[in-house]
Amino acid sequence: MPQKYTAIIFHFLLILCSCDMQPKANNGNTNMYFDMHTVVMQQKMYLTQHHIAVEKYSKLNDNTSHNLINNPDWNTEMLFFDKIDINKPIYKDSYKAFAYENDTFVVNYYSHRKGDKLPVTYIKNYFTHSNKLYKSMAMLTMNNYIFSTNKYLEMIFDTSAGELKMIKYKIKGESGFIFMPKDVFEIAGTPLYR
């Protein structure tokens, strides 16, 4: 029985700490695209400073858990959202930008150019017609000779109180070693504002 849990924990940690093949660039923010870095940083600061708890759902293959975490480490909770910053000089001209509109939202869509193997496959930001960020979605992909992973990320925001607050987040996908069955995972959280 303990070996089963050890294997589950090992796979879960492997998924969360998968290799980061993203090229390093200087931290100069050139704002070629929508500035997700600032959005994520502001959310982490607010959630940490106000000691916001989180109701969290986790799933690894067939194993699920529901937890209330009273004092989460928001830097860890938002780790993968930090990786969707495409405003780096190294990514200049690497993404195509599209915008479209429907009755509810204006959508900004950033997709890497065909043939590029970049860690951020795409980002979609949904804005209300009053220019308030409602939802952000992204796909992170990493494939190498021994390991592959795809992570879908989503954040939903509320602006009814006049400030941008993340009210839900989700990370789901699959990862594993080449020639082995892939582990399917999902993490979803709801910050509990007081």
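The values are calculated or read from the model by the stated rules, or taken from the named source; none is laboratory data. These figures come from a predicted structure and were not determined experimentally. All Cβ positions, glycine included, derive from the backbone under ideal geometry; neighbour counts span all protein chains shown.
Mind checking whether some residue in segment 165-174 is of a type in the set (A, V, I, L, M) and buried (at least 16 other Cβ atoms within 10 Å of the Cβ)? Among the residues of segment 165-174, at least one is of a type in the set (A, V, I, L, M) and buried (at least 16 other Cβ atoms within 10 Å of the Cβ), which makes the answer yes. Of all residue pairs spaced 6 or more apart or on separate chains, those with beta-carbon atoms under 6 Å, a first member in segment 101-114 that is hydroxyl-bearing (Ser, Thr, Tyr) and a second member that is in a strand (DSSP E or B) and surrounded by 16 or more Cβ atoms within 10 Å (Cβ to Cβ) are 109/124; 110/95; 110/123; 111/122.
Screening the candidates 86, 90, 52 for the property of being surrounded by 11 or more Cβ atoms within 10 Å (Cβ to Cβ), modelled with pLDDT under 90 and touching a Pro at 6+ places or on another chain (Cβ under 9 Å) yields one hit, 90.
A search for C-beta distances below 6 Å between a residue of segment 119-132 that is of a type in the set (A, V, I, L, M, F, W, C) and any residue that is part of a strand (DSSP E or B), counting only pairs 6+ apart in sequence or on different chains, returns 123/110; 123/138; 127/106; 127/133. Among the residues making up segment 133-162, those that are part of a loop (DSSP other than H, G, I, E, B) and free of Cβ contacts under 8 Å to residues at least 40 places away in the same chain are 145, 146, 159, 160, 161, 162.
Looking only at residues in segment 148-174 that are among the small types (Gly, Ala, Ser) and over 16 Å from residue 138 (Cβ atoms), the one that is modelled with the highest pLDDT is 148.
Residue count for segment 113-129, restricted to those that are farther than 15 Å from residue 87 by Cα and at pLDDT 90 or above: 3.
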